Amino acid sequence: MAKRPTPQHLIAMTQSRSPLSDPLHRAKFEVEFQPEADLDPQDWEAFGAEAHRALDLMLDHLRTIRAQKVWQDAPKDVRARFRAPLPQKGHDIGELIDTFAESILPYGSGNLHPLFAGWVQGGGTPVGMVADMLAAGLNANCGGRNHIALDVERQITLWLTEIFNFPRESSGIFVTGTSVANLVAVLIARTDALGIDARSGGLASGGRQLTGYVSQEAHVCIEKAFDMSGIGSDFLRKLPVDSNGAIRLDALTEAIARDRADGLQPAIVIGNAGTVNTGAFDPFDALADLCAKEDLWFHVDGAFGALCAMAPELRPLIKGMERADTIALDFHKWLQVPYDAGFAICRDAEAHQRAFMSSGAYLSRAPRGLAAGEAWPCDLGPDLSRGFRALKTWFTFQAFGAERLGETIAQTCRIAQHLARLIETSPRFKLCAPVKLNVVCFSAKAETPGEDLGALNRAIVMDLHESGVAAPSLTLLDGRPVIRAAILNHRTRLSDMDFLFEAATASAARLRTRLRSGIR
Ligand SMILES: *Cc1c(COP(=O)(O)O)cnc(C)c1O
């Protein structure tokens, strides 16, 4: 067997192929092209020291995150630093790192913290941070062409086909988040329903108005996707749910029949894998059967819930999702990949390309060389230039392994159950929705008749934020403001829920005293 080359050997081989490695040629080149005009450090050693300091700063921040406040509002003078005039002259990198440490680092949104439970946000990991630094250093443009970063991105698609039990030939694309991934899916479904001519002729060329179907619990970004696709958000039918928060099939079947009778063209059904409000799942097998019967595109918004596929105890929830045509998901939520890392996967790679492939002389493909390769990512989504989101995702899968990542997901659900039990047995609070997954919606209980619980819940949430103790968020359930804790952070422990619960109880008592004495 041939001896494997060392990294030094490889670098020497590469350099020996470059004409610049000839010292005479090199000297002439450097005189002609004035390399001192570039933006690289003049003193690499000094820069390296600052770069290491920046890395240490972030590692220290992450290591001590638990001892810090979840959130604090940035003071006026700090905010004022970001209304400064355009710098005409450069500053020293060390000075900028100091400014970052003083004026940016302490005033983050808090989602690194174990007691952050607001909205649906991931906690990130040091592994993902390092990978993102490497990706930034590489500065790869992942719109297309023939380079290894695209193989890494294809690797993520292949892993998802394993996780979701999708065909190996499926195609996938990184985008900012599930909002854009849902838009990508709606655009594929549109092109599939109307044919490729609709891309040039517009939606009216199909002759009939397209319609889509989703439950009323769906994320607002789906409405926005209908708006942006030109189909129109009025033609997204939002259907009622049952007591589990799942779409009602009778209402869905009726809506499709009504639209057909009215001369419209039903095109896409969107199922939810984990709704934002309560973490509910739609019945995917029934939706897949219906879509097959009615010849409709079946998409799943699986922003966080699709990754239940990675946790054996949660996997039954996504049964039937493997029959979807497209799935939208985020790696930046439950998989803890640093922002942003959304993804759309499509079972039919050709349908995917038909929706986005376009020609341009400057994008033409060559049989060999850097412009080689068949499907480029720019053929699969709206972006041309795009960064290397796949690397931090690849590092995350490789560093932790699918089992441990799945276990982290399952763990957040067990922690949510613990909080649910604390609330159920509390005289002061009540659960507002069944806890199926990792989302706990709760409310203060009335102590006096006619008490405005919505206002109290709202005040408790703001109070917890401002004290820096915990960060749940607020949502509306049946039109009423309730406190919502979504547990996604891998750093969150059972005992953090005791702490959150006690802090909410204390806050409620304090606020009631204040409200009673008329102080607002
Ligand atoms: C978070 C979320 C979205 C939006 O995803 P982004 O990554 O924020 O664009 C859509 N649907 C659901 C169910 C979500 O939880």
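The values are calculated or read from the model by the stated rules, or taken from the named source; none is laboratory data. Note that the structure is a prediction, hence the values are computed from the model and not measured. Because the Cβ atoms are built from the backbone with ideal geometry, glycine has one as well, and the counts that use them run over all protein chains shown. Just the protein is used for accessible areas: all its heavy atoms, side chains included, with ligands, DNA and RNA removed. Shrake-Rupley method; radii C 1.70, N 1.55, O 1.52, S 1.80 Å.
Residues that are touching a helix residue (DSSP H, G or I) at 6+ places or on another chain (Cβ under 7 Å) and open to solvent by 50 Å² or more (accessible area, probe 1.4 Å) were ranked within region 43-73; the one that is farthest from residue 118 (Cα to Cα) is 47. Residue pairs whose Cβ atoms lie under 9 Å apart, separated by 6 or more positions or on different chains, with the first residue in region 212-227 and of a type in the set (A, V, I, L, M, F, W, C) and the second in a strand (DSSP E or B) and within 9 Å of the ligand (Cβ to nearest atom), are 214/272; 214/301; 218/272; 218/301; 221/301; 222/301.
Output the residues belonging to region 267-295 that are of a type in the set (Gly, Ala, Ser) and without any contact (Cβ under 8 Å) to a residue 60 or more places away in the chain. Scanning region 267-295 gives 271, 273, 286, 288, 292. Of the residues that make up region 364-382, is at least one within 30 Å of residue 125 (Cβ to Cβ) and within 16 Å of the ligand (Cβ to nearest atom)? Checked region 364-382: at least one residue is within 30 Å of residue 125 (Cβ to Cβ) and within 16 Å of the ligand (Cβ to nearest atom). Here residue 174 clears all of (1) away from the ligand (no atom under 14 Å from the Cβ); (2) more than 25 Å from residue 283 (Cα to Cα) except the condition numbered (1). Within region 324-335, residues that are in a loop (DSSP other than H, G, I, E, B) have Cβ atoms under 6 Å from residues that are among the acidic types (Asp, Glu) and modelled with pLDDT of 95 or more in these pairs: 332/340, counting only partners at least 6 apart in sequence or on another chain. Within region 245-261, the only residue that satisfies the criterion of being closer than 14 Å to residue 296 by Cβ and not in a helix (DSSP H, G or I) is 247. Which of the numbered conditions does residue 373 fail, given that it passes all the others? Conditions: (1) surrounded by fewer than 24 Cβ atoms within 10 Å (Cβ to Cβ); (2) in a helix (DSSP H, G or I). Answer for residue 373: the failing condition is (2).
Of all residues in region 109-152, those that are assigned to a loop (DSSP other than H, G, I, E, B), hydrophobic (A, V, I, L, M, F, W, C) and away from the ligand (no atom under 16 Å from the Cβ) total 4. The residues of region 476-520 that are assigned to a helix (DSSP H, G or I) and of a type in the set (Gly, Ala, Ser), listed by number, are 495, 503, 504, 506, 507, 508, 509. Scanning region 300-323 for residues being assigned to a loop (DSSP other than H, G, I, E, B) and within 12 Å of the ligand (Cβ to nearest atom) gives a total of 3. I'd like to know if region 167-178 contains one or more residues that are open to solvent by less than 60 Å² (accessible area, probe 1.4 Å) and either without any contact (Cβ under 8 Å) to a residue 40 or more places away in the chain or more than 20 Å from the chain's Cα centre (by Cα) (or both). Yes, there is a match, as at least one residue in region 167-178 is open to solvent by less than 60 Å² (accessible area, probe 1.4 Å) and either without any contact (Cβ under 8 Å) to a residue 40 or more places away in the chain or more than 20 Å from the chain's Cα centre (by Cα) (or both). Each residue in region 465-491 was checked for being surrounded by 24 or more Cβ atoms within 10 Å (Cβ to Cβ) and within 25 Å of residue 125 (Cα to Cα), and 8 pass. Checking the structure you have, find out if any residue of region 198-215 is within 21 Å of residue 300 (Cα to Cα), in a loop (DSSP other than H, G, I, E, B) and outside the structural domain of residue 119 (by TED's automatic domain parsing). The answer is no, given that none of the residues of region 198-215 is within 21 Å of residue 300 (Cα to Cα), in a loop (DSSP other than H, G, I, E, B) and outside the structural domain of residue 119 (by TED's automatic domain parsing). Residue count for region 424-439 satisfying the condition of being in contact with a Lys or Arg (Cβ under 7 Å, 6 or more places away or on another chain) and open to solvent by less than 10 Å² (accessible area, probe 1.4 Å): 2. Scanning region 179-211 for residues that are β-branched (Val, Ile, Thr) and in contact (Cβ under 8 Å) with a residue 60 or more places away in the chain yields 180, 184, 186, 188, 191, 196.
Of all residues in region 256-266, those that are surrounded by fewer than 24 Cβ atoms within 10 Å (Cβ to Cβ) and touching a residue at least 40 places away in the same chain (Cβ under 8 Å) total 5.
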